[in-house]
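A.B. asks: Pasting a structure here, questions to come.
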Amino acid sequence: MPMEGKDIEALIRESFPEAKITITDLAGDGNHWAAEVIDASFKGMNRVQQQRAVYASLKGKMDGAHGELHALALTTKAPE
C-alpha cells in the first residue's frame, strides 16, 4: 500500500523536528514522491551524509521490493 505525504513528513519530522520539510507527489499516484528537507543539523555534512540521515529516518519504509515507499527524490541542505 502506498504511503501518504503526511506519513512521509511525520517520519522525517521525528528525526528532524525543526526542519522545513516539503513533500510533493510527483506523479499524482501516491507512489512517486519528492522531499526537500532543510535543517540546521546538516551544517558541516556533505550531501550524501545528509541524505543518509533522512533515509534512516524513514525506518526501512523504502527497503526492498515490498517497501511501502516506492520512490523518493530527495533534496537536502542546511539553511543559509
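Laboratory data are not the source of any read-out in this text; all were calculated from the coordinates shown. What you see is a predicted model; the values in this text were computed from it and never measured. Quick reminder, even Gly has a Cβ in these numbers, built from the backbone with ideal geometry, and neighbours come from all protein chains shown.
A.B. asks: What do you get for the angle between helix 5-15 and the principal long axis of the chain? Use alpha-carbon atoms, 0 to 90 degrees, nearest ten.
C.D. replies: In the chain, helix 5-15 runs at an angle near 40 degrees to the longest axis.
A.B. asks: Here's something else I'd like to know. Given the Cα atoms of the stretch 13-60, and with Rh set as the inverse mean 1/r over their pairs in the Kirkwood sense, what is Rg to Rh to two decimals?
C.D. replies: Numbers: Rg = 11.6 Å, Rh = 11.7 Å.
Using only Cα positions, Rg/Rh for the stretch 13-60 is 0.99.
A.B. asks: The stretch 28-70: which trypsin sites (Lys or Arg not before Pro) are DSSP loop and have at most 10 other beta-carbon atoms within 10 angstrom?
C.D. replies: In loop regions of the stretch 28-70 (DSSP not H, G, I, E or B), the sparsely surrounded trypsin sites (Lys or Arg not before Pro) are Lys43.
A.B. asks: In square nanometres, what is the average projected area of the Cα convex hull of the chain?
C.D. replies: 5.0 nm²
A.B. asks: Rounded to whole Hz and in sequence order, give me ³J(HN,Hα) for the stretch 41-46 from the Karplus expression 6.51 cos²θ - 1.76 cosθ + 1.60, θ = phi - 60°, writing x for Gly and Pro.
C.D. replies: Values, residue by residue: 5, 7, 4, x, 9, 7 Hz.
A.B. asks: Calculate the spin-label point distance for Glu36 paired with Leu74, positioning each point 7 Å from the Cα along the beta-carbon direction, and give it in nanometres.
C.D. replies: 1.8 nm
A.B. asks: Taking the DSSP beta bridges in the chain as the whole, what percent of them are antiparallel, to the nearest 5?
C.D. replies: Once the DSSP bridges in the chain are tallied, antiparallel ones form about 45 percent.
A.B. asks: So what's the angle, to the nearest 10 degrees on a 0 to 90 scale, between helix 47-57 and the longest Cα principal axis of the chain?
C.D. replies: The angle comes out at about 50 degrees.
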